[in-house]
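To start, the structure itself, in structure tokens.
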Amino acid sequence: MQPSSTRENDCPRCGLRYPELFFRKTRVAYAYATQTRRPVCLGCELKDRDEQKKQDRWKTKANDAFRRHADKFIRLGLASTRAEFAEKYGWDVERMAHQAKHCYENGCRYCGEPFCDMGHGLADITLDVTDPTQLPFYSTNTAWICGTCNREKGRRSASEWALILICWARWRKRQTVLAIRSYIGPLFEWTPRLFHD
């Protein structure tokens, strides 16, 4: 029997011959069954997955967020399956994808920063359960926000987080005033001397 590093298979998609190691193993249901390889090479398989993601990136993002949250709340005993969780708390992937895209185009709900300036693409937008002490109803207790706000908010109560957001707004306003003063400051220092001389 040839070792798998020397055996070769043909990929019907790209038409090239590769070592058997470049083909993913199939899952085997029984321990005594012989393990086989998928007919399509790893390169073509990865290309297919990437193309599918590009076709509807928002649906993929929403689906990933749904699965993560559903699995977490299933572990907490709020539902027994993902389908039950979706029906019970109003989590619809199509609607989630639409709202995530809208939020991405208009900035983070909390800090208002545009996602296009954050530099990591879709990785910058996350789904937050607004009040973790309440039930996770999608329509009233979730928000698409940036990862920075999500980490900073953590498990704070809604009132604590609202106070922090007010403080951030005051801080940003102050930074804008300081930036303007530092920009026009020398002009004001120079102008009066001109008229007093």
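The values are calculated or read from the model by the stated rules, or taken from the named source; none is laboratory data. Small disclaimer: the values here were computed from a predicted structure and weren't measured. Quick reminder, even Gly has a Cβ in these numbers, built from the backbone with ideal geometry, and neighbours come from all protein chains shown.
Annotations for the structure displayed:
- Residue check for R67: loosely packed, with under 14 Cβ neighbours inside 10 Å and at pLDDT 90 or above: yes
- Residues that are in a loop (DSSP other than H, G, I, E, B) and in contact (Cβ under 8 Å) with a residue 40 or more places away in the chain within segment 76-108 comprise L78, G90, W91, D92, C108, listed in sequence order.
- Filter pass, D71 being over 30 Å from P19 (Cβ atoms) and either in contact with a strand residue (DSSP E or B) (Cβ under 6 Å, 6 or more places away or on another chain) or of a type in the set (D, E, K, R) (or both): yes
- Verdict on D117 being surrounded by 12 or more Cβ atoms within 10 Å (Cβ to Cβ) and outside the structural domain of R170 (by TED's automatic domain parsing): no
- Count of segment 119-143 residues, restricted to those that are at pLDDT below 90, under 14 Å from the mean Cα position of the chain (by Cα) and over 17 Å from R67 (Cα atoms), is 3.
- W168 being in contact (Cβ under 8 Å) with a residue 40 or more places away in the chain and closer than 20 Å to F85 by Cα: no
- Taken across segment 46-64, residues that are part of a loop (DSSP other than H, G, I, E, B), at pLDDT 90 or above and not small (G, A, S) do not occur at all.
- Failed criterion for Q175 (all others in (1) without any contact (Cβ under 8 Å) to a residue 24 or more places away in the chain; (2) within 25 Å of H69 (Cα to Cα) hold): (2)
- Verdict on A123 being exposed (fewer than 15 other Cβ atoms within 10 Å of the Cβ) and within 18 Å of A97 (Cα to Cα): yes
- Meets criteria (in contact with a strand residue (DSSP E or B) (Cβ under 9 Å, 6 or more places away or on another chain), modelled with pLDDT of 90 or more and loosely packed, with under 15 Cβ neighbours inside 10 Å) for R17: yes
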